[in-house]
1. Taking the condition within 16 Å of the ligand (Cβ to nearest atom), among the basic types (Lys, Arg) and out of contact with any Lys or Arg (no Cβ under 8 Å at 6 or more places or on another chain), does Arg549 pass?
2. Out of all the residues in region 1-57, which are of a type in the set (Gly, Ala, Ser) and out of contact with any Asp or Glu (no Cβ under 8 Å at 6 or more places or on another chain)?
3. If Gln228 passes every condition in (1) farther than 17 Å from Val279 by Cα; (2) within 15 Å of the ligand (Cβ to nearest atom); (3) part of a helix (DSSP H, G or I) but one, which one does it miss?
4. When you go through Thr700, Thr714 one by one, which is the residue that is surrounded by fewer than 20 Cβ atoms within 10 Å (Cβ to Cβ), part of a loop (DSSP other than H, G, I, E, B) and not assigned by TED's automatic domain parsing to the domain that holds Ala377?
5. Taking strands (runs of 3 or more DSSP E) that fall entirely within region 498-601, which contain at least 2 residues that are under 24 Å from Phe424 (Cα atoms) and at pLDDT 95 or above?
6. I need the full set of residues from region 718-730 which are open to solvent by less than 20 Å² (accessible area, probe 1.4 Å) and in a loop (DSSP other than H, G, I, E, B), in order please.
7. Restricting to region 52-82, name every residue that is more than 8 Å from the ligand (Cβ to nearest atom) and under 18 Å from Gly404 (Cα atoms).
8. Using the structure shown, decide if Arg668 is open to solvent by 50 Å² or more (accessible area, probe 1.4 Å) and among the charged types (D, E, K, R).
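The values are calculated or read from the model by the stated rules, or taken from the named source; none is laboratory data. In this text the structure is predicted, and so the values were computed from the model without any measurement. Ideal geometry is used to build each Cβ from the backbone, glycine not excepted, and the neighbour counts take in all protein chains shown. Protein only, heavy atoms only, side chains kept; ligands, DNA and RNA dropped before computing areas. Shrake-Rupley method; radii C 1.70, N 1.55, O 1.52, S 1.80 Å.
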Amino acid sequence: MPRRPPVEPAESDLRVGSPATHAAGLPAVLSALRHGVREMGVRRTVKTLRMVNQDAGFDCMGCAWPDPAKRHHAEFCENGAKAVAEEATLLRATPDLFAQYSVAELAAQSDFWLGKRGRLTHPMYLAPGATHYAPVTWEDAYDLIASELQALDSPDEAAFYTSGRTSNEAAFVYQAFVRALGTNNLPDCSNMCHESSGVALEQSIGIGKGSVSLQDIEAADLLIVVGQNPGTNHPRMLSSLEAAKRRGATVVAVNPLREAGLARFDNPQKIRGMVGRGVQLADLHLQIRVNGDLALFSAVNRRLLDADALDHAFLREHCDGVDALRAHHARLDEAAVLAATGLPPEQIDELTRLLVASQRTVVCWAMGLTQHRNSVATIREVVNLLLLRGMIGKPGAGLCPVRGHSNVQGDRTMGIYEKPQEGFLERLEGALGYALPREHGLDVVESITAMRDGRVKVFIGMGGNFLSAAPDTAATAAALQSCRLTVHVATKPNRSHVTTGTAALLLPTLGRTERDVQAAGEQVVTVEDSMSVVHASRGRLEPASEQLRSEVAIVCGLAERTVGDRGNVRWSELAADYDRIRDLIAAAIDGFDDFNARRDAGFVLPHPPRDSRSFATPNGRAQLTVNPLQVLQVPAGHLLLQTLRSHDQYNTTIYGLNDRYRGIKAGRRVVLVNPDDLEALGLRDGDTVDVIGEPDADGTERRAERFRAVAYDTPRGCAAAYYPETNALVPLHSVALESNTPTSKSVVVRLERVGAERNGPKPRP
Ligand code: SF4
């Protein structure tokens, strides 16, 4: 019986119940198996899940949480299993699909529907003026792209996007090709997620990466989890938090929402977890207002300075800026802090007390800190805290920005960056043997603006779903549609593929689960996790179609056709044997010596602050920084909305339409609002509302329609709703200072009830 995509429920099927009080456990196991069997069938599910995150297997294409030294038989979480099932699905999006549906008809479908069509099987081309994609040969596809690129007046008229799923080897040849073409237009998904972390850490400690290992997490005596929902976005982190708790650690959650994954963890690897007797995680939950984090960490640092609870020896030997920071915080307005955080002073005092008592503190964070106008300042203030306490370069302590995509950190290490440093380019030039462009390129927001303004005419995406991940959906769609050519290297259909330039190409690639056989035999790729561990990944399943090509083969095929061999680079030889790519990486990038010899065992990349308390800042010392308090003003009658994922979602991939942990079933168009705010706005739980962003200076209004208002436990004045549906509300120009990251976690909105009379499902009893 042919496998059929799941049926999408109607808007009226949406159900809202009580949020969960714990994460994982038996429900997670059942959910993982349900997704697996629906997409892959029983046997393939068992076969495939046994190989994920195993030594001889493939790396989970979900988040970037590290693998433990000792792997479990089932070394994956519920959402990892869903990510695998999505890729290893038996559903196929063949040329028949594209013959049956025009691009316009496909664009009218939901993101869930598009993603459930299955794996792309053939290269597809949308010719200028055509209404339907049609099959094309690989050679013709390369010719089409090469001629468009060669016809440009400047290589800067093209933008080359990378999603964090791209392997190290593919990312390295991609940037080598793009730079051979003559541009640094290498926007990537990091621009939209942890760019603020990279900028702040680079300024403070001289390297844009976290400083902890898995062992540090489990050895810490205090873990502060800020602006992160690990239960959904990094679920295996819960096992590390549980291990730390068993050693007596204290966990503090700082989050506007009381997420189930921060409350109790029922570890499905343990009997007691499977029978619902898990471990309480957060000992203290600071239910902070959206964007209140800079105020919180400023207040804590002031208290530490006032109490002289500082590591003076560390500060003297390694840091600059203590006196300026002390003077700045001496003027801190406590009332403004309390207003910005929405927290009682006792809770800030309690957090400070825990910090003073702690010998080994780790601070973990994710998008809740990085996607605000003041994000870089906030993260610098977090670094200030750990520097004041001497918690850098110490076992069981440090900085832990948790990456959301399996190789987003690796891609940046490989050179996927629009603002490469001179030193990096010089060494890369030596390895590649040809001249590289020096002028900085465009990040994501700049690329969208350049496409909109006609300065970028060709867009090439290596994986991902650019349109749905980007802010200001209408503006981004128009920008893509203004291109002469849009090209996507992808595994499954998504919204970016049906929002095309004048011409468009879909190039189907191998997934991480699939065997990658090249001229020199079966190939292995590598990735780098959140903690700078580089490890191998081997596909084990037969490819979904004989027409699929690896990311490396696609890039090398295109490069050979567009720029030809040059310097030390023979594209076909690199595609034939990835060891040759790794030899180039070893020659070009710090920390990859003997890469091929160390590939299978894996290795940790250097991190001077962690390894030797040395700081690659201009003067070789860690920098404490002064970060003036900036509090976002929200007009009366408006709310501050954070966009977030449901539990059945990974970035822009919609696995399903439930959000078990928040009590949402069979739907996604919900906006979570404090009950008192609903009342103050003349609304009720269950009303259908439009969510409306602040109009631009030119009056442009952004509206996301027909959401069910849900009374939910969130601080007054704050709201939450899922992306990509609410990315439409994030103005293109609304970005974080210094990092240019879209402010997707603090969007000023108002709610407008749809229709005079009350409608939509009955309010919750
Ligand atoms: S924690 Fe992240 S990397 Fe690990 S299995 Fe889950 S989704 Fe995959």
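1. Details: within 16 Å of the ligand (Cβ to nearest atom): no; among the basic types (Lys, Arg): yes; out of contact with any Lys or Arg (no Cβ under 8 Å at 6 or more places or on another chain): yes.
Spelling it out, it is not the case that Arg549 is within 16 Å of the ligand (Cβ to nearest atom), among the basic types (Lys, Arg) and out of contact with any Lys or Arg (no Cβ under 8 Å at 6 or more places or on another chain).
2. Applying the first criterion (of a type in the set (Gly, Ala, Ser)) to region 1-57 yields 10, 12, 17-18, 20, 23-25, 28, 31-32, 36, 41, 56-57.
Within region 1-57, Ala10, Ser12, Gly17, Ser18, Ala20, Gly36, Gly41, Ala56, Gly57 meet the criteria.
3. For Gln228, the failing item is (3).
4. Working: Thr714 fails: surrounded by fewer than 20 Cβ atoms within 10 Å (Cβ to Cβ).
Unique residue meeting the criteria: Thr700.
5. On the way: elements: 503-508, 525-528, 533-537.
In region 498-601, the matching strands (runs of 3 or more DSSP E) lie at 525-528, 533-537.
6. The first filter runs over region 718-730 and keeps only residues open to solvent by less than 20 Å² (accessible area, probe 1.4 Å), leaving 718-722, 724, 726-727, 729-730.
Selection gives Pro724, Thr726, Val730.
7. Initial filter on region 52-82 (more than 8 Å from the ligand (Cβ to nearest atom)): 54-58, 66, 68-74, 82.
Within region 52-82, Phe58, Pro66, Pro68, Lys82 qualify.
8. The answer is no for Arg668.
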